[in-house]
Amino acid sequence: MDAEPLTGTVEPRPDGGGPGVRVDVALRWGDMDAYGHVNNVRIASILEEARIHAFGVPAGTGAAGLGAPVSLLDGVPDTVQALISEHRIRYRRPLEYRTVPARVWVWVAAAKGASIEVAYSIRDGVDGTECVTAGTTMVFVDSVSGRPVRLTQEQREALTGLR
């Protein structure tokens, strides 16, 4: 049996707030804490997995794979880093371990000069209950000078379907 790829699809968010990229992220047995819930540190990893599957692999990292549904990082020079400057995570209810992937919706709450605000909703893969809401500030920085790099017109256009 072939596993379903983890790349996302752009579809309406379950909260009715507009489009988002839905990414199914498999839970691992080791993600559980002593209470049977997915551990808070693993929640941050789930956000990372969903963000990468939604927007692509940053330049100069990893190897080629499946394309992202929103090509935010395509064509970004190797000298530009996509760095995380802030995470905000709100736990609404415990995400219990299941052999069913968690459903994560990822969208862009705001696009600024050299950064974007990524928003997330992690939901139980069986009953769809929202367990976590989160936000990440991602900043584009020149790796040589350390200075911010403004979003390109192509990046802004790629994000228009998620706002």
(request) Would you work out the charge dipole size for the range 93-163 about its Cα centre, treating the Cβ of every Lys and Arg as +1 and the Cβ of every Asp and Glu as -1, and quote it to the nearest 20 debye? (result) 160
(request) Quick one: pull the percent of accessible area on the chain belonging to carbon and sulfur, 1.4 Å probe, ligands and nucleic acids left out. (result) 51
(message) Quick check: pseudo-label points 7 Å beyond the Cα along Cα→Cβ at Met32 and Ser71, how many nm apart are they?
(response) 4.3
(request) Run the dipole for the range 5-163 about the Cα centre, Lys and Arg Cβ at +1, Asp and Glu Cβ at -1, nothing else charged, and hand back the magnitude in debye, nearest 20. (result) 320
(request) Could I get the Rg over Rh figure for the range 16-147? Both from C-alpha atoms, Rh via Kirkwood, rounded to two places. (result) 0.99
(message) Suppose each label sits 7 Å from its Cα in the direction of the beta carbon; what would the Glu117-Thr129 distance come out to in nanometres?
(response) 2.9
(request) Return one number: the angle in degrees, 0 to 90 and rounded to the nearest 10, between the long axis of the Cα atoms of helix 40-55 and the longest principal axis of the Cα atoms of the chain. (result) 50
(message) Let me check against my output: what whole-number percent is the relative contact order of the range 103-163, with C-alpha pairs under 8 Å and at least 6 apart?
(response) 31
(message) So, for the chain, what is the accessible surface per residue at a probe of 1.4 Å, expressed in square angstrom?
(response) 54
(request) Please tell me the relative contact order of the chain in percent, rounded to the nearest whole number, where contacts are Cα pairs under 8 Å and at least six residues apart. (result) 24
(message) Under 10 Å, Cα contacts only: if you run a Gaussian network model on the chain, which one of Gly16, Gly113, Gly128 comes out with the highest mean-square fluctuation?
(response) Gly16
(request) Treat every Asp and Glu Cβ in the range 21-95 as -1 and every Lys and Arg Cβ as +1, leave all other atoms uncharged, and give the resulting dipole magnitude about the Cα centre to the nearest 20 debye. (result) 400
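The values are calculated or read from the model by the stated rules, or taken from the named source; none is laboratory data. Just so you know, these numbers come straight off a predicted model, no measurement behind them. Positions of Cβ are generated from backbone atoms using ideal geometry, with glycine treated the same way; all protein chains shown enter the neighbour counts. Side chains are part of the model used for accessible areas, which takes the heavy atoms of the whole protein and leaves out ligands, DNA and RNA. Shrake-Rupley method; radii C 1.70, N 1.55, O 1.52, S 1.80 Å.
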